[in-house]
1. Please specify each residue of the stretch 66-98 satisfying the condition of being within 22 Å of residue 25 (Cβ to Cβ) and of a type outside the set (A, V, I, L, M, F, W, C).
2. Quick one: residue 15 ticks every box in (1) at pLDDT 95 or above; (2) open to solvent by 70 Å² or more (accessible area, probe 1.4 Å) except a single one, so which number is it?
3. If we keep just the residues of the stretch 20-42 that are of a type outside the set (Val, Ile, Thr) and assigned to a loop (DSSP other than H, G, I, E, B), which is farthest from residue 58 (Cα to Cα)?
4. Hey, residue 127 hits all of (1) open to solvent by 90 Å² or more (accessible area, probe 1.4 Å); (2) out of contact with any strand residue (DSSP E or B) (no Cβ under 7 Å at 6 or more places or on another chain); (3) of a type in the set (A, V, I, L, M) but one; which does it fall short on?
5. Out of the residues in the stretch 78-101 that are hydroxyl-bearing (Ser, Thr, Tyr) and in contact (Cβ under 8 Å) with a residue 12 or more places away in the chain, which is nearest to residue 56 (Cα to Cα)?
6. Could you check the stretch 49-90 and list, in sequence order, the residues that are open to solvent by less than 40 Å² (accessible area, probe 1.4 Å) and assigned to a loop (DSSP other than H, G, I, E, B)?
7. Any idea how many residues of the stretch 91-118 are open to solvent by 70 Å² or more (accessible area, probe 1.4 Å) and either in a loop (DSSP other than H, G, I, E, B) or of a type in the set (Gly, Ala, Ser) (or both)?
8. Being surrounded by 10 or more Cβ atoms within 10 Å (Cβ to Cβ) and either at pLDDT below 90 or of a type in the set (A, V, I, L, M) (or both) is the filter here; which residues of the stretch 23-42 pass it?
Amino acid sequence: MKTKLLYFLPLFFLLISCYNQERNCANFKTGKFEFVAEINGEKKVSTFVRTENLEIETFEGKTDSAAIRWVNDCEFVLEKLNPKTMADKKPVSIKIVTTNGDECTFEYGYVGDARRERGTIKKIADL
């Protein structure tokens, strides 16, 4: 029994390592997007337009903009253009983890901070 397991175990790991999740990051560089989050038990929707160098977000009637610096095809850094607080001055690092059609899952956090959060956005229009 143990020898059979020794033969199948490497095959199992080989098959698992061949699985690749979709990462079509180019589809999420520009466009109009929607981000839905639950805040204090209430569904909140944020929409934003992203060009190659700029992101303009609208949340609860307020509009804010940030400069985009692409690190590679799937990672970029956002820096608010008109920060109002010290927290707003901190750049945010974003990494696209997976894509699935018009949705992508990403990790984000302040640059230099080890804590990362995850979110999902949906592309609602091309530019």
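1. So the first thing to find is which residues in the stretch 66-98 are within 22 Å of residue 25 (Cβ to Cβ), and the list is 66-79, 91-98.
Of everything in the stretch 66-98, those that are within 22 Å of residue 25 (Cβ to Cβ) and of a type outside the set (A, V, I, L, M, F, W, C) turn out to be 69, 72, 73, 75, 79, 91, 93, 95, 98.
2. Against the list (1) at pLDDT 95 or above; (2) open to solvent by 70 Å² or more (accessible area, probe 1.4 Å), residue 15 comes up short only on (1).
3. Of the stretch 20-42, the ones of a type outside the set (Val, Ile, Thr) are 20-29, 31-35, 37-38, 40-42.
If we keep only those that are assigned to a loop (DSSP other than H, G, I, E, B) too, we end up with 20-24, 29, 40-41.
On the way: 20: 34, 21: 30, 22: 28, 23: 26, 24: 25, 29: 18, 40: 19, 41: 20 Å.
Only one residue fits best here, namely 20.
4. (2)
5. From the stretch 78-101, those hydroxyl-bearing (Ser, Thr, Tyr) are 85, 93, 98-99; that's our starting set.
Narrowing the set further to residues that are in contact (Cβ under 8 Å) with a residue 12 or more places away in the chain leaves 93, 98-99.
Working: 93: 16, 98: 23, 99: 22 Å.
The extreme case among them is 93.
6. Result: 74, single match.
7. Residues of the stretch 91-118 that are open to solvent by 70 Å² or more (accessible area, probe 1.4 Å), as a first pass: 95, 100, 103, 108, 110-118.
In the following step, the residues that additionally are either in a loop (DSSP other than H, G, I, E, B) or of a type in the set (Gly, Ala, Ser) (or both) were identified as 111-116.
Total meeting the criteria: 6.
8. Taking the stretch 23-42 and keeping what is surrounded by 10 or more Cβ atoms within 10 Å (Cβ to Cβ), we get 23-37.
Listed by number, the residues that qualify are 23, 26, 36, 37.
The values are calculated or read from the model by the stated rules, or taken from the named source; none is laboratory data. In this text, all values refer to a predicted model and were calculated from it rather than measured experimentally. Glycine gets a Cβ as well: all are built from the backbone with ideal geometry, and neighbour counts include every protein chain shown. Areas reflect the complete protein model, heavy atoms only, side chains present, ligands, DNA and RNA absent. Shrake-Rupley method; radii C 1.70, N 1.55, O 1.52, S 1.80 Å.
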